[in-house]
1. Which of the residues that make up the range 65-74 are buried (at least 17 other Cβ atoms within 10 Å of the Cβ) and not in a strand (DSSP E or B)?
2. Would you tally the residues in the range 31-56 being open to solvent by 70 Å² or more (accessible area, probe 1.4 Å), within 25 Å of N74 (Cβ to Cβ) and at pLDDT 95 or above?
3. Can we say L158 is more than 14 Å from V72 (Cβ to Cβ), open to solvent by 70 Å² or more (accessible area, probe 1.4 Å) and assigned to a strand (DSSP E or B)?
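The values are calculated or read from the model by the stated rules, or taken from the named source; none is laboratory data. What you see is a predicted model, and the numbers here were worked out from it, not measured in a lab. Positions of Cβ are backbone-derived with ideal geometry, glycine not excepted, and every protein chain shown enters the neighbour counts. Remember, those area values only see protein heavy atoms, side chains included, never the ligands or the DNA or RNA. Shrake-Rupley method; radii C 1.70, N 1.55, O 1.52, S 1.80 Å.
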Amino acid sequence: RNTPTDLFSVLSQTPAGPLLFPGIKISTITNTPTSTPSSPGGGFESVTVSEKKIYWGICSKKPHSVAIAVKVENPDKVEIVYLFFQLESYKKSYDTTDWSGTVMDKKSNGRYTYLLKANFIPGRKNYSKAWVHYQFVAADKNDKVIGRTYIYDRTLTLLPCP
């Protein structure tokens, strides 16, 4: 499966509105685990995701966002953490959107957080039900990649409001 790796082309874009990077060009192929690994991967200690399902549209009593938190292994070396995500159809494997990305909010002690809102996920209206794949990438002050998690797939579902 493709992973987002071309940070320099992503970082050179001028965002309009929320900092998202749709249409990221994919340049590296990586094997993807079929289930969530017990360890998030190089450079990260933990990944926490608050929901297993989120809903886009207008409905009450359904989660419309997911709180995401990561902890990096070497906080003194990490300047920024990126969250990359894409959708994959429940019905048709490999029917996916382009990767999008954003910068996570830096907290203390190597923690980074982000609130991913379902109504702002690009391509959501193209699927009646979709998986949200996501990956975290840590970079130093020179935007050199120093850590990357596995791609988390089939752990978060996106649905339209009923």
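1. The answer is none; no residue qualifies.
2. The number of residues fulfilling the criteria is 2.
3. Values: more than 14 Å from V72 (Cβ to Cβ): yes; open to solvent by 70 Å² or more (accessible area, probe 1.4 Å): no; assigned to a strand (DSSP E or B): yes.
No; evaluated as a whole, the condition is false for this residue.
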